[in-house]
Amino acid sequence: MSFWEFANPVRFNRLATRTLPWLAGATALCLGIGLIWGFFFTPDDYQQGSTVKIIYIHVPSAMMAINAWFMMFATSLVWLIRRHHVSALAARAAAPIGAVMTLIALFTGAIWGQPMWGTYWEWDPRLTSFMVLFIFYLGYIALWEAIEDPDKAADLTAVLCMVGSVFAALSRWAVQFWNQGLHQGASLSLDKEENVADVFYFPLLVCLAGFVLLFVTLVVLRTRTEIRARRAMALMQREGEHSA
Amino acid sequence: MSLAVSSLTLMRSGRMIVSDLSFALTPGRATLLRGPNGVGKSTVLRAIAGLMPIASGSVVLNGTPLTDRDAFQDQVLFAGHQDALKPTLTVAENIAFWAHLFGGDVRAAMQSFQLDEIADRPAHACSAGQKRRTGLARLALAKDRPLWLLDEPTVSLDQATVERVASVIRAHCDAGGMALIATHIDLGLTDADTLTLTRPRPVTAAEETDPFMAGGWE
Amino acid sequence: MNAYSALLRRELTLALRSGGGAGLGLAFFLIVIMLIPFGVGPETPTLGLIAPGVLWVAALLACLLSLDRLFQQDAEDGTLDILALSPVPMEGLVMVKTLGHWLTTGVPLVIAAPVLGLTLNLAGPAYPWLVAALLVGTPALSALGAIGAALTVGVRRGGLLLSILVLPLYIPTLIFGAQVVSLAAKGLDPGIAMMLLTGTSLFAVAVSPFASAAALRVHLS
């Protein structure tokens, strides 16, 4: 059975309905364990005090904010090349989630920044880049909303996503040139060069898994809704045709 | 020289617009495309002009298939129901611009649609009929393109101008050209063939391209 | 006269005729610059400090003004259909229209900018760099704007949407362009910023015809 079979909306929805309870359960479990462990069972940082615990929301949401855009890029590309409607709708479904993740990362960053840097907002490259990313999300969502023909909307938003990805990356780089910044380096990296002590690191990994699961759950849920909306639209059009 | 259309099927977002349309145009003859409003006359013209994707079927003009788009479109003149005029340009400037793109003699084109006296009038100051005449002047520019696709060319024209348009079309056909004209009135082209479009049949299960309609939904 | 020069001449004529809006961008640029001291205060050192950024942001906004009519009018009056059937490929059409937009909107801004720099007390060494940076950067503004205009061509009253789509794309150009001017104003060497600006601009100009033509084809189908 090929992966592309889920490009069929019926199959996708059947799979979605079957897996959603499990996905939701796993999300709740991971987030529950990770957040409770992180908030209540880790020591305060000797410099940052208890404020450090916001990383359990801040870091995962920031990662998903970027990954959601990557996912939109990939699914838009699939739509442009293979014309699978589910792929385009998945990109559409992911955008608001990515936007909200970006917003969460920005807000938690501001809350963390106040005690750390003495200011809620700093035009630091990372913060600025996230604000830019948020604007890109807004434009993408707005274009989907503005175009009535769903296939045209899918095509045009895919073009926007391609161009936007290149210029978002270019902006990230330009912003770095513009201001060197005071944000600490990435807290997590896969090559084992850690900036975070193990006591914070393990609950953070669980939270991270929880956010990934949360994202997948929401995307599957929203894609199923988008598919049903398209199905309803198609049925209504046919209805109109037969009565005409 | 001929246009051969066979089993042309046009769909838009999964809906059938035109189904199984087959016809042929022979040189020297005009064909009137008829049918009630909303039956897809404009869509057929746009599809044959290559402005709209074709779901299935084939369109071949003088041995060139529509899929060879540039070569096909070089032989086609399309006049939609809009005049494609710029309101701030004068009648002469509008026509001269098209002449630069498609070739042709501006002066002769203006004469054949009696536009000389309004040559320097900006298009926004023209009446609807004058605008239509200016738009149709492209016909006289691109005489050598064998296939003309005209969408309601005579809207807002007076009787005398309708006859003039008809004579331009007749001259084109006499020179070996072809014309497919969506129209509600007779145009006075007495020897023209008529092609009547009927409502499309429903989409069959086999050709259902819309995955939001095709099988398996409970 | 070939098809391309006919197209370009038509673009320029349409922009310069009444209602074409060629002067509007320039007027908008003047007004924005004039409003800045009212908001910031008349202290010349402050104005001199923010002048590079203000000039660039104002130029960027002025460029946006006439973009929504770049393809929309042609799409509405049926011209785009006829142009699609003409021997000129869609990419070429986009390039000519972008060039037309730059000549009627970008170039006047480049010429007016040094004069307005004077009113904002821009530092002496920055003037040649201001002109150079705008000259290099404004084509990118027109080119990226063309992408936004092509994406929103089927959207009724798409002007606001167009700004939301296009302004984020302008960020790299704005950053590098304003850096060139402010580095020069501080007496530093703006060479690297200028190179980055040139690279960004060339990239934008190279990508735009393909992206815009793809969007226009989607609209036509």
Q | the stretch B:97-134, residues that are closer than 21 Å to B:PRO153 by Cβ and of a type in the set (Asp, Glu) | A | B:ASP105, B:ASP116
Q.
What are the pairs with Cβ atoms under 9 angstrom where one residue, in the stretch C:153-165, is at the interface with another protein chain (Cβ under 9 Å from one of its Cβ atoms) and touching a residue at least 24 places away in the same chain (Cβ under 8 Å) and the other, located anywhere, is of a type in the set (Ser, Thr, Tyr) and surrounded by 15 or more Cβ atoms within 10 Å (Cβ to Cβ)? Sequence gap at least six, or different chains.
A. C:GLY158/C:THR152
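Please work out if A:ARG14 is without any contact (Cβ under 8 Å) to a residue 40 or more places away in the chain, within 12 Å of another protein chain (Cβ to nearest Cβ) and either surrounded by 14 or more Cβ atoms within 10 Å (Cβ to Cβ) or under 18 Å from A:ARG222 (Cβ atoms) (or both). Quick ask: steps written out before the conclusion?
On the way: without any contact (Cβ under 8 Å) to a residue 40 or more places away in the chain: yes; within 12 Å of another protein chain (Cβ to nearest Cβ): yes; either surrounded by 14 or more Cβ atoms within 10 Å (Cβ to Cβ) or under 18 Å from A:ARG222 (Cβ atoms) (or both): yes.
So A:ARG14 passes the test.
Can you name every residue in the stretch A:1-11 that is under 20 Å from A:ALA74 (Cβ atoms) and either surrounded by 15 or more Cβ atoms within 10 Å (Cβ to Cβ) or aliphatic (A, V, I, L, M) (or both)? Let's see the steps before the verdict.
Going through the stretch A:1-11, the residues under 20 Å from A:ALA74 (Cβ atoms) turn out to be A:2-9, A:11.
Result: A:PHE6, A:ALA7, A:ASN8, A:PRO9, A:ARG11.
With B:GLY38, B:GLY63, B:GLY28 as the choices, which residue is closer than 29 Å to B:VAL203 by Cα and either modelled with pLDDT under 90 or buried (at least 22 other Cβ atoms within 10 Å of the Cβ) (or both)? Outline the logic, then answer.
On the way: B:GLY63 fails: closer than 29 Å to B:VAL203 by Cα; B:GLY28 fails: closer than 29 Å to B:VAL203 by Cα.
So the residue among B:GLY38, B:GLY63, B:GLY28 that is closer than 29 Å to B:VAL203 by Cα and either modelled with pLDDT under 90 or buried (at least 22 other Cβ atoms within 10 Å of the Cβ) (or both) is B:GLY38.
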Q.
Going by what's in this entry, would A:ALA158 be described as assigned to a helix (DSSP H, G or I) and free of Cβ contacts under 8 Å to residues at least 24 places away in the same chain?
A. no
Q) Among the residues of the stretch C:93-114, is any within 14 Å of chain B (Cβ to nearest Cβ) and among the hydrophobic types (A, V, I, L, M, F, W, C)? A) yes
Q.
For the list (1) closer than 30 Å to A:ALA7 by Cα; (2) charged (D, E, K, R); (3) in the same structural domain as B:ASP151 (by the TED database), I need the number of the one condition that B:ASP193 fails.
A. (1)
Q | Residue in the stretch C:30-38 that is in contact (Cβ under 8 Å) with a residue 24 or more places away in the chain, within 14 Å of another protein chain (Cβ to nearest Cβ) and under 21 Å from the mean Cα position of the chain (by Cα) present | A | no
Q. Is there any pair with a first residue in the stretch C:66-79 that is more than 13 Å from chain B (Cβ to nearest Cβ) and a second that is part of a helix (DSSP H, G or I) and modelled with pLDDT under 90 whose Cβ atoms are under 7 Å apart and which are 6 or more apart or on different chains, and what are they?
A. C:SER66/C:LEU24; C:SER66/C:GLY25; C:ASP68/C:GLY159
Q.
Of everything in the stretch C:6-52, what is crowded, with 16+ Cβ neighbours inside 10 Å and among the β-branched types (Val, Ile, Thr)? Give them in sequence order.
A. C:THR13, C:VAL32, C:ILE33, C:ILE36, C:ILE50
Q: Just give me the residues in the stretch B:109-126 being under 20 Å from C:ARG17 (Cβ atoms) and surrounded by fewer than 21 Cβ atoms within 10 Å (Cβ to Cβ), in sequence order.
A: B:ILE118, B:ALA119, B:ASP120, B:ARG121, B:PRO122, B:HIS124, B:ALA125
Q: Looking only at the stretch A:17-30, count how many residues are polar (S, T, N, Q) and either more than 14 Å from chain B (Cβ to nearest Cβ) or in contact with a helix residue (DSSP H, G or I) (Cβ under 6 Å, 6 or more places away or on another chain) (or both).
A: 2
Q. When you scan the stretch B:199-218, how many residues do you find that are more than 14 Å from every other protein chain (Cβ to nearest Cβ) and out of contact with any Ser or Thr (no Cβ under 9 Å at 6 or more places or on another chain)?
A. 1
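For (1) at pLDDT 95 or above; (2) in a helix (DSSP H, G or I); (3) farther than 25 Å from A:GLY49 by Cα, each residue gets a yes or a no:
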| position | (1), (2), (3) |
| --- | --- |
| A:PHE70 | yes, yes, yes |
| A:PHE73 | yes, yes, yes |
| A:SER76 | yes, yes, yes |
| A:ALA99 | yes, yes, yes |
| A:GLY109 | no, yes, no |
| A:TRP112 | no, yes, no |
| A:LEU127 | no, yes, no |
| A:PHE130 | no, yes, yes |
| A:GLU145 | no, yes, yes |
Q: Mind listing whichever residues of the stretch B:89-118 are part of a loop (DSSP other than H, G, I, E, B) and modelled with pLDDT of 90 or more?
A: B:LEU89
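Could you tell me which of the residues A:ALA93, A:ALA88, A:ALA110, A:ALA68 is of a type in the set (Gly, Ala, Ser) and farther than 23 Å from A:PHE3 by Cβ?
On the way: A:ALA93 fails: farther than 23 Å from A:PHE3 by Cβ; A:ALA88 fails: farther than 23 Å from A:PHE3 by Cβ; A:ALA68 fails: farther than 23 Å from A:PHE3 by Cβ.
Only one candidate passes the filter, namely A:ALA110.
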Q: Take B:SER19 and decide whether it is polar (S, T, N, Q), more than 23 Å from C:HIS219 (Cβ to Cβ) and in the same structural domain as B:ARG164 (by the TED database).
A: yes
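The values are calculated or read from the model by the stated rules, or taken from the named source; none is laboratory data. Note that the coordinates shown come from a computational prediction; the quantities given were computed from them, not determined experimentally. Glycine also receives a Cβ, built like all others from the backbone with ideal geometry; neighbour counts cover every protein chain displayed.
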